[in-house]
Every structure is written in C-alpha cells, then in structure tokens.
Amino acid sequence: AFVHIHPFADGNGNGRMARLIANLPLLRAGLQPLLIDQDRRREYVTLVADYQSRLEPPDPEAVADVGFCPDNRLVERFEGFCASCYRETLRIY
C-alpha cells in the first residue's frame with residue numbers, strides 16, 4: 001500500500017522505504033531482515049508493478065474493514081518471491 005501511493009517523486013525512495021517498512025515486523029520479532037539481492041531486483045519491481053496494476057484504488061471507507069489488500073490472491077506471487085528471498089537471506093546469515 002505504501003508503494004502504491006508514491007510519496008517520493010523519484011521512485012527510488014518509495015522502494016527503499018517500502019522495504020524498510022516491510023522489515024520492521026521481522027526486526028521487532030528478533031528475526032533477520034529480508035534481503036533482496038540486486039540480481040532479483042528487476043523481478044521484485046515487476047511483481048510490485050503487476051500488483052499495482054491490478055489493485056483497485058483504496059476505498060477509505062473499506063480500509064478500516066478489510067485493509068489495503070482485500071484480495072489476498074493479488075499478493076500470492078509476491079509472497080512466494082519474498083519467501084524465496086528470505087530463505088536465501090537465512091542461508092547468508
């Protein structure tokens with residue numbers, strides 16, 4: 001949802017900030033942060049763009065009830081990608 005609103009004009013800050021926000025729950029739980037290898041960055045950007053292109057604009061009325069991603073099928077490929085990256089992160093650590 002954060003990347004979807006594009007708060008930074010250059011685009012680069014959006015991705016960095018989104019990855020930082022995504023790592024906060026992991027760090028708070030005492031886990032290793034998710035690392036996305038530079039070689040997989042294009043795949044990451046493609047998955048985020050695909051998600052954004054299929055996502056309906058957020059409905060402020062519905063966000064309180066269903067959150068920013070009411071259809072979990074939209075994130076399945078991205079979750080698989082993150083899981084794969086996290087396995088590699090743990091291997092590195």
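Tell me, what HN-Hα J-couplings in whole Hz come from the Karplus equation 6.51 cos²θ - 1.76 cosθ + 1.60 at θ = phi - 60° for each residue of the stretch 20-37, using x for Gly and Pro?
5, 4, 5, 7, 4, x, 5, 5, 5, 7, x, 9, 6, x, 6, 9, 10, 4
Amide H to amide H under 5 Å from Leu35: which residues, 5+ apart in sequence or cross-chain, H placed 1.01 Å off N in plane?
Amide H neighbours of Leu35: Thr89.
Only the coordinates and a few stated rules stand behind these numbers; no lab work does. None of the values given here were measured: they were computed from a predicted structure.
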